[in-house]
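Participant: Input: one structure, supplied below.
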Amino acid sequence: MSFKSFTTFILLSLVLASCKSNESQSQIISVREYEDKLKAAWIGQMVGVGWAAITEYKWIGEIIPKEEVPEWTPDMVNQYGQDDLYVEMNFMESMEKYGSDVCIRRAGIDFANTDFGLAAANDRARENLRAGIAPPASSHPRFNVNCEDIDYQIEADYSGIIAPGMPQVPISLGEKFGRLMNYGDGMYAGQFIGGMYSAAYFESDIETIIKKGLACIPDSSQYTSCIMDVINWYHEDPINWKGTWRKIVDKYYNTLDYQPFHRVNPKAWAGIDAKLNGAFVVLGLLYGRGDIDSTFYISVRSGFDSDCNPSSALGILFTSKGLDNIPEKYYSALDETKIFSSTHYTFPKLIEASKKLTKSFMDEYGGKIEKGSDDQEYLIIPMPKPVPSKLARSWNPEPLDESSIYYTDAEMKEIKFLPSCAFDSILQIFAPGWLISNCTTEATPKLISLRGRDNVLQMAFIENGSCNIRHELLVPETKNPKLKLSVLNEPGKTWTLKILFNWQPVYTIEVNDTLTKDGWFDIIQDLSEYKGKKLFILLNGSEGSGNDSKVFLNNLTIQ
């Protein structure tokens, strides 16, 4: 036993001796170490997604060349506009506002009232909620074709971060917040990730952390089988990570026998499946062997959702190590004054909120804080065996309770956004194939004639409102494919247009009197690099100066 280990053993013995009976069955961590690991957990997420952001879904079914992976720069940690982070913070805000036992229907109303960018299962669920389909029906395969996508997996980190050594917390939070958008393996994915974070506060052995995560989900689920495959393949060949990557892709992407839900739902895409991408998180953790750079490079080079996967992997690894053991280059440039998009959290406020929720769950599960004989404070946390959720299969789902599928009239009055289907007819005239979302009842999109042009889409922004217009398409293989549109403002007022390709900002402009002094302003964005590829385009308009400002769009086309 090393001197450090011996010292720790003696210290913990003294702490245990100073505590009441039955504490020998508990896990113990000093408040200082807990806070150190808590900060590391959030920073690990930010490092992973920031470092890999430009690679997301650019490599499908192939290993990303090493030279295509960006070099780390300290400013990459400042990820305040990533859905990997702000979505899960919405769940924390709900618990802060209504208590850690907030009910699922209330959580659904809060989620319906968010206006941040979403995709896949999240987007489908929010549209369901706004249309009056209450959770858990909002995630049921009957209503959500994306219910086995990666969504809750990438936003479940919070559930383990706020629950050191309390694996039942990420299980119960998965049944609440995970069931807003995911079902079956899609929800288990988040419970698994949360369980690993919870274990990482007390464990340094990577495989032990992974297996404790698996203890939080049904052992007969396909998700469990997938992760166990990765563990077994690792033991068969602990050196060749690329060989194991190939086995994962062949079995869980190329073979639809292991994508039963996607096989019966052709509109769902297997590449965003939670199992597949969860396997890449575990691949990075196992073959990375506790090394930060190796863990990152393996998880990002696996491709597919290649920024979310290293975000989860590094978040878990950083938690296990603690900030004191993380090289300073990863957090030296952290800007603690910035606010995470669509939340009220700065980094310090996020840490305080996390600590508050940890205390709430400790009280619920019988934990406590006591001072040891060394005058330090310690978290004393019981060690109950986790009880996983009931097994559910997306391709053969349980029937819904028809009496509770929909929100009541009173609940609907609390939802301020209309579902995009409310404007489908308008959008299909204005720009066929495009959809609109995040519009309040006051936005009132309509078609008018203005400044010499017909088929003009007008929207109103009320009290710092915003609207999104989006389109997912296969970019034509013409000589010079382009996105074209024209914009106009209301005289004396401004608004801001942002264009995002695959969720990455490519163009931002303030539409004001100076820009439009000669009339309509035309915008052209080159799409040549996306020829023959699937592209998600998002146009986000947000209010500038002047309340009740109107937005005008015209000639929105792909040529």
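Participant: Do we find a residue being acidic (Asp, Glu) and at pLDDT 95 or above anywhere in the stretch 235-242?
Facilitator: Let us first name the residues in the stretch 235-242 that are acidic (Asp, Glu), namely 236-237.
Narrowing the set further to residues that are at pLDDT 95 or above leaves 236-237.
So far as the stretch 235-242 goes, yes, one or more of its residues are acidic (Asp, Glu) and at pLDDT 95 or above.
Participant: For the stretch 166-200, give me each residue that is farther than 19 Å from residue 135 by Cα and surrounded by fewer than 24 Cβ atoms within 10 Å (Cβ to Cβ).
Facilitator: Hit for the stretch 166-200 is 168, nothing else.
Participant: Give the number of residues within the stretch 202-236 that are aromatic (Phe, Trp, Tyr) and without any contact (Cβ under 8 Å) to a residue 40 or more places away in the chain.
Facilitator: Total meeting the criteria: 1.
Participant: In addition: Across the stretch 491-505, what is the number of residues that are touching a Leu at 6+ places or on another chain (Cβ under 8 Å) and open to solvent by 60 Å² or more (accessible area, probe 1.4 Å)? Spell out the reasoning first.
Facilitator: The initial filter retains those residues of the stretch 491-505 that are touching a Leu at 6+ places or on another chain (Cβ under 8 Å), namely 497-503.
If we keep only those that are open to solvent by 60 Å² or more (accessible area, probe 1.4 Å) as well, we get 498, 503.
Residues flagged as touching a Leu at 6+ places or on another chain (Cβ under 8 Å) and open to solvent by 60 Å² or more (accessible area, probe 1.4 Å) within the stretch 491-505 amount to 2.
Participant: Another question, if that's okay. Look at residue 124 and say whether it is farther than 21 Å from residue 162 by Cβ, of a type in the set (Lys, Arg), at pLDDT 95 or above and assigned to a helix (DSSP H, G or I). Show your work before the answer.
Facilitator: Numbers: farther than 21 Å from residue 162 by Cβ: yes; of a type in the set (Lys, Arg): yes; at pLDDT 95 or above: no; assigned to a helix (DSSP H, G or I): yes.
For residue 124, the condition - farther than 21 Å from residue 162 by Cβ, of a type in the set (Lys, Arg), at pLDDT 95 or above and assigned to a helix (DSSP H, G or I) - is not met.
Participant: Of the residues that make up the stretch 415-427, is at least one modelled with pLDDT of 90 or more and assigned to a loop (DSSP other than H, G, I, E, B)? Reasoning before the result, please.
Facilitator: Taking the stretch 415-427 and keeping what is modelled with pLDDT of 90 or more, we get 415.
Subset that is assigned to a loop (DSSP other than H, G, I, E, B): 415.
Looking through the stretch 415-427, at least one residue is modelled with pLDDT of 90 or more and assigned to a loop (DSSP other than H, G, I, E, B).
Participant: Take the residues in the stretch 29-60 that are touching a strand residue (DSSP E or B) at 6+ places or on another chain (Cβ under 8 Å) and at pLDDT below 95; name whichever of them is most open to solvent (accessible area, probe 1.4 Å).
Facilitator: Selected residue: 54.
Participant: Turning to a different aspect of this structure: Here are some conditions: (1) within 21 Å of residue 242 (Cβ to Cβ); (2) in contact with a Pro (Cβ under 8 Å, 6 or more places away or on another chain). Residue 60 meets all but one. Which one does it not meet?
Facilitator: Going through the list (1) within 21 Å of residue 242 (Cβ to Cβ); (2) in contact with a Pro (Cβ under 8 Å, 6 or more places away or on another chain), residue 60 breaks only (2).
Participant: Turning to a different aspect of this structure: Taking the stretch 288-340, which residues are farther than 20 Å from residue 206 by Cα and in contact with a Phe, Trp or Tyr (Cβ under 6 Å, 6 or more places away or on another chain)?
Facilitator: 303, 336, 338, 340
Participant: Give me a count of the residues in the stretch 128-150 that are open to solvent by 10 Å² or more (accessible area, probe 1.4 Å) and either in a strand (DSSP E or B) or of a type in the set (Asp, Glu) (or both).
Facilitator: Looking only at that region, the number is 1.
Participant: Name every residue in the stretch 349-372 that is hydroxyl-bearing (Ser, Thr, Tyr) and within 22 Å of residue 338 (Cα to Cα), in order of residue number.
Facilitator: Keep residues of the stretch 349-372 that are hydroxyl-bearing (Ser, Thr, Tyr), which gives 354, 358, 360, 365.
Listed by number, the list holds a single entry, 354.
Participant: Taking the stated definitions as given, is residue 264 touching a helix residue (DSSP H, G or I) at 6+ places or on another chain (Cβ under 6 Å) and either touching a residue at least 60 places away in the same chain (Cβ under 8 Å) or of a type outside the set (Phe, Trp, Tyr) (or both)? First the steps, then the outcome.
Facilitator: Numbers: touching a helix residue (DSSP H, G or I) at 6+ places or on another chain (Cβ under 6 Å): no; either touching a residue at least 60 places away in the same chain (Cβ under 8 Å) or of a type outside the set (Phe, Trp, Tyr) (or both): yes.
The answer is no for residue 264.
Participant: Taking helices (runs of 4 or more DSSP H) that fall entirely within the stretch 282-388, which contain at least 1 residues that are open to solvent by 10 Å² or more (accessible area, probe 1.4 Å) and closer than 22 Å to residue 94 by Cβ?
Facilitator: Hits in the stretch 282-388: 347-364.
Participant: Can you tell me which residues in the stretch 240-255 are in contact (Cβ under 8 Å) with a residue 60 or more places away in the chain and not in a helix (DSSP H, G or I)?
Facilitator: Going residue by residue through the stretch 240-255, those that are in contact (Cβ under 8 Å) with a residue 60 or more places away in the chain are 242, 245, 249, 253-254.
Within the stretch 240-255, 253, 254 meet the criteria.
Participant: Name the residue, out of 527, 473, that is surrounded by 14 or more Cβ atoms within 10 Å (Cβ to Cβ) and at pLDDT 90 or above. Before you say what the answer is, go through the steps one by one.
Facilitator: On the way: 473 fails: at pLDDT 90 or above.
None of the other options fit; the residue is 527.
Participant: Turning to a different aspect of this structure: Using beta carbons and a limit of 9 Å, which pairs, at least six apart or on different chains, have the first residue in the stretch 365-376 and more than 20 Å from residue 166 (Cβ to Cβ) and the second one part of a loop (DSSP other than H, G, I, E, B)?
Facilitator: Every condition considered, the pairs that remain are 372/19.
The values are calculated or read from the model by the stated rules, or taken from the named source; none is laboratory data. Worth saying up front: this structure is predicted, and the values here are computed from it rather than measured. No Cβ is skipped: glycine too gets one built from the backbone with ideal geometry, and neighbour counts run over all protein chains shown. Keep in mind that these areas ignore ligands, DNA and RNA; they rest on the heavy atoms of the full protein, side chains included. Shrake-Rupley method; radii C 1.70, N 1.55, O 1.52, S 1.80 Å.
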